[in-house]
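Scroll down for the structure; my scribbles are underneath it.
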Amino acid sequence: MVNPMAGEVALVLDGERRVLKLTLGALAELEEALGTESLLALVERFETGAFRARDVMALLLAGLHGGGHPLPASALLGAEIEGGAVEAARVAGLLLARAFNPAG
């Protein structure tokens, strides 16, 4: 079960439902992966719809790690995401929103 108040979001990868969460460590991993000095630019890209596929994949990977699923990036790149790119982007945006506003 997903707890939105804890910042959790669900995603189905290769037919398996996984719970993702952006913990502080996952957020630090995300900053490193995207080479950004702050997450504000990433938040702004999602708010304006100017995000990139790389942003989505980095968010999902960090969320998987924060949710206790230590997948390598290569496994995520080759995974079948239920709902495709649209669902991946929706989940990534929701993850980011819930990291800073659980009711978001």
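A few comments on the model shown:
- Sequence-ordered 3J(HN,Hα) estimates for region 54-67 from the Karplus curve with 6.51, -1.76 and 1.60 and θ = phi - 60° stand at 4, 4, 4, 5, 5, 5, 5, 5, 4, x, 4, 4, x, x Hz, glycine and proline given as x.
- Between A75 and A6, the modelled label-to-label distance comes to 2.0 nm, taking each label 7 Å out from Cα in the direction of the beta carbon.
- Every Cα-Cα pair of the chain was included, and the share exceeding 15 Å stands at 57 percent.
- Total charge dipole magnitude, the chain, about the Cα centre, Cβ charges on Lys, Arg, Asp, Glu only, Debye to nearest 20: 160
- What separates the Cα centres of region 13-27 and region 58-72 is a distance of 5 Å.
- Point-to-point label distance, R90-D14, nm (Cα→Cβ direction, 7 Å offset): 2.4
- Given charges at Cβ of Lys, Arg, Asp, Glu: the chain dipole, positive-most of A88, A62, S38: A88
- Annotation: peptides 82-90, 52-60, ranked by per-residue average of other Cβ atoms within 10 Å with the highest first, follow the order 52-60, 82-90.
- On the chain, 57 percent of the accessible area sits on carbon and sulfur atoms, based on a 1.4 Å probe.
- Rolling a 1.4 Å probe over the protein heavy atoms gives the chain an accessible area of 54 Å² per residue.
The values are calculated or read from the model by the stated rules, or taken from the named source; none is laboratory data. The structure displayed is predicted, hence computed values, not measured ones. We place every Cβ from the backbone using ideal geometry, glycine too, and count neighbours over all the protein chains shown. Surface accessibility is based on the protein's heavy atoms, side chains included, excluding ligands, DNA and RNA. Shrake-Rupley method; radii C 1.70, N 1.55, O 1.52, S 1.80 Å.
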